[in-house]
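Working notes, beginning with the structure itself.
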Amino acid sequence: MNGLVVLGLWTLVGAVIALLAGWSPALKWANENAGFSSWVQAVGSVAAIGLAVWVVQRQHRLELRRKAIADWQTKRAALQGALQVMSGVYSVAEKIASIGCVRPPVLMDLFHLAIELEVLVSALSRTDYLRFETHSAIEGLSVSESLGKALLHSAKKGHERMRQADAPDHWPAIIARANECAAGIKVRTDRLYADIVALEPPPKSTHSQAPWAR
C-alpha cells in the first residue's frame, strides 16, 4: 500500500465523519457521548503527527541521496578527466614510436607530436592530485607526468640535433623512450579504468515510504 492509497483512505474516513456529523441521530449520539469526539480527535492528531514526521524524514533522505549522487558524479568526472589526459600522453608516445620506425622518419612529424605532448604534460603539471582519493589516479597522473616529461625532453633534444648536418641518428633513443613511456602509462590507465568501472552510484533509498504504506 503506497502513500497515495493511505491518503485516499484518510480522505474517505474524513468524508464519512463529515457525513455522520450531518446526520442528526449520529450528531445527537456524538453529543451524548463526548468520549467519541475526543477519541476521533486524538486519532486524527496522532495520524497528523506521524505523517508530518514521515514527510520530514523522507525529505531528509532525499536530500542526502541527492548530495551522494552529486558527489559520485563529481568524483567519476574527475577520474574520467584524468584518464583522458593519461591516455593522450600514451597515444602521443605510441605515435612517436611508430614514426620513428618509418624510414626515413619525418622530423616535422616529431616536431608536431612534441608540441602536442608538451600541452598534455603542462596539463598534468597543473593537476591538483588532492582532488583524487584513489591510488590508481594519483599514481597514474604522477607517473604519466614524469614519463611524459622525459619523452618530451628526448624528443626535443633529438629533433634539434638531427636538424644539424652530419648529426648522429637519435631515433633509436627516442623510440626506446617512447616505448618506455607508453608501456608505463598503459598499466596505469588500465588500473584507473577498472576503478572507474567499479565506482558504483549510491544505492537507492529503501525508506522513502511511510512505515504504514509499505
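The values are calculated or read from the model by the stated rules, or taken from the named source; none is laboratory data. Please read all numbers here as calculations on a predicted model, not as lab measurements. Quick reminder, even Gly has a Cβ in these numbers, built from the backbone with ideal geometry, and neighbours come from all protein chains shown. Heavy atoms of the whole protein, side chains included, go into the accessibility calculation; ligands, DNA and RNA do not. Shrake-Rupley method; radii C 1.70, N 1.55, O 1.52, S 1.80 Å.
Any idea which residue in region 186-205 is most open to solvent (accessible area, probe 1.4 Å), counting only those that are without any contact (Cβ under 8 Å) to a residue 24 or more places away in the chain and outside any helix (DSSP H, G or I)? Of everything passing the filter in region 186-205, GLU200 is most open to solvent (accessible area, probe 1.4 Å). Evaluation of SER146 against the conditions (1) in contact with a helix residue (DSSP H, G or I) (Cβ under 6 Å, 6 or more places away or on another chain); (2) more than 30 Å from GLU200 (Cβ to Cβ) shows that the sole unmet condition is (1).
Of the residues screened, GLN84 is one that is open to solvent by 80 Å² or more (accessible area, probe 1.4 Å) and under 30 Å from LYS204 (Cα atoms).
Every condition in (1) under 14 Å from ILE175 (Cα atoms); (2) at pLDDT below 95; (3) assigned to a helix (DSSP H, G or I); (4) not charged (D, E, K, R) holds for PRO105 except the one numbered (3). When only residues in region 106-133 that are open to solvent by 30 Å² or more (accessible area, probe 1.4 Å) and touching a residue at least 40 places away in the same chain (Cβ under 8 Å) count, which is farthest from ARG191 (Cα to Cα)? By that ranking, first place goes to LEU107. Residues in region 142-185 that are within 35 Å of the chain's Cα centre (by Cα), surrounded by 15 or more Cβ atoms within 10 Å (Cβ to Cβ) and within 15 Å of GLU118 (Cα to Cα): SER144, GLU145, LEU147, GLY148, LYS149, ALA150, LEU151, LEU152, ALA178, CYS181. Within region 26-72, the set of residues being polar (S, T, N, Q), open to solvent by less than 100 Å² (accessible area, probe 1.4 Å) and at pLDDT 60 or above comprises SER37, SER38, SER45, GLN57, GLN59.
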